[in-house]
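Participant: One structure is given below, represented as structure tokens, and several questions about it will come after.
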Amino acid sequence: MTVKQNNAVERLREAAIARSTRPFLARGARVKRCVSCQLALAACICAQRPALQADVTFCLLMHSLEPLKPTNTGRLIAECLADTQAFVWARTEVDPGLLALLADPQYEAYVVFPGEYALPQQMVCRELPALPARRPLLIILDATWTQARKMFRKSPYLAELPVLSMETEQLSRYRLRRSSRDDHLCTVEVAIACLALAGEQQAAQQLNQYFELFSDSYLNSIRLRRDDA
């Protein structure tokens, strides 16, 4: 059963479709998909989507193609955590809404990225304050690893923000796209690790379960299409 949302990533997707002069053809483009969870209609997981609460807010800075990809996992964060913010990254332009969010005094913004890439002036944090004076705003670059490194280097408005660098021995369990390294986590796995770091264990566990459900349902729908072919 489709449960239509109006989350931040869904709004970006709708805006990208409205601007496009030709359709974006992802893998499996002929599949009839749920307009919300983007899975094949027979594999829709909307009815099992959890509504989560946490004392951190995520901000997804997305490569322009990511909102259109049915394999994107950043939208799982936005689907489950209603206050998630999302913006499309561009090298020469910055969304005024993003700049306003970064300047909002209720938030303490961090860029979630490996500390080895931090600029000399950037503070590198391994954990979040136990009792933060302001609500943590965790900025995740939602892109391929190559794209994310470019986005990190070419975003001056991020250069003065502290970098939240998490050391984890966890290997990625993401099975829908290939990566050259198993220790490169997908976007939702980064968010799950952030929630655990922030002491939001229940939210981390439930988001992880939803991610596993999404992955299993997507792969099962592919197997069914192959069997029917």
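The values are calculated or read from the model by the stated rules, or taken from the named source; none is laboratory data. What you are looking at is a predicted structure, and each value in this text was computed from that prediction instead of being measured. As a convention, Cβ positions derive from the backbone with ideal geometry for all residues, glycine included, and neighbour counts pool all protein chains shown. Just so you know, the surface numbers come from the protein's heavy atoms only, side chains and all, with ligands and any DNA or RNA stripped out. Shrake-Rupley method; radii C 1.70, N 1.55, O 1.52, S 1.80 Å.
Participant: With the condition being aromatic (Phe, Trp, Tyr), I'd like the strands (runs of 3 or more DSSP E) fully within region 64-161 carrying at least 2 qualifying residues.
Facilitator: Those strands (runs of 3 or more DSSP E) span 107-112.
Participant: Further question: Taking the condition at pLDDT below 95, in contact with a Cys (Cβ under 9 Å, 6 or more places away or on another chain) and more than 29 Å from Lys150 (Cα to Cα), does Ala43 pass?
Facilitator: Judged against the criteria, Ala43 is a match.
Rundown of residues vs (1) free of Cβ contacts under 8 Å to residues at least 60 places away in the same chain; (2) open to solvent by 50 Å² or more (accessible area, probe 1.4 Å); (3) over 14 Å from Thr57 (Cα atoms), yes/no style:
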residue	(1), (2), (3)
Thr92	yes, yes, yes
Leu101	yes, no, no
Asp104	yes, no, no
Ala118	yes, no, yes
Gln121	yes, yes, yes
Cys125	yes, no, yes
Pro129	yes, yes, yes
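Participant: How many residues, within region 106-116, are over 18 Å from Met151 (Cα atoms) and open to solvent by 40 Å² or more (accessible area, probe 1.4 Å)?
Facilitator: The qualifying residues number 2.
Participant: Phe24: at pLDDT 95 or above and either touching a His at 6+ places or on another chain (Cβ under 7 Å) or not in a helix (DSSP H, G or I) (or both), yes or no?
Facilitator: Answer is no for this residue.
Participant: Taking the residues in region 38-60 that are part of a helix (DSSP H, G or I) and free of Cβ contacts under 8 Å to residues at least 60 places away in the same chain as candidates, determine which candidate is surrounded by the most Cβ atoms within 10 Å (Cβ to Cβ).
Facilitator: Only one residue fits best here, namely Cys46.
Results for (1) at pLDDT 90 or above; (2) open to solvent by 10 Å² or more (accessible area, probe 1.4 Å), shown as yes or no for each residue.
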residue	(1), (2)
Ser36	no, no
Met62	yes, no
Gly74	yes, no
Leu81	yes, no
Val88	yes, yes
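Participant: All but one of (1) more than 23 Å from Phe211 (Cα to Cα); (2) in contact with a helix residue (DSSP H, G or I) (Cβ under 8 Å, 6 or more places away or on another chain) hold for Leu81; state the number of the condition that does not hold.
Facilitator: Just one mismatch for Leu81, condition (1).
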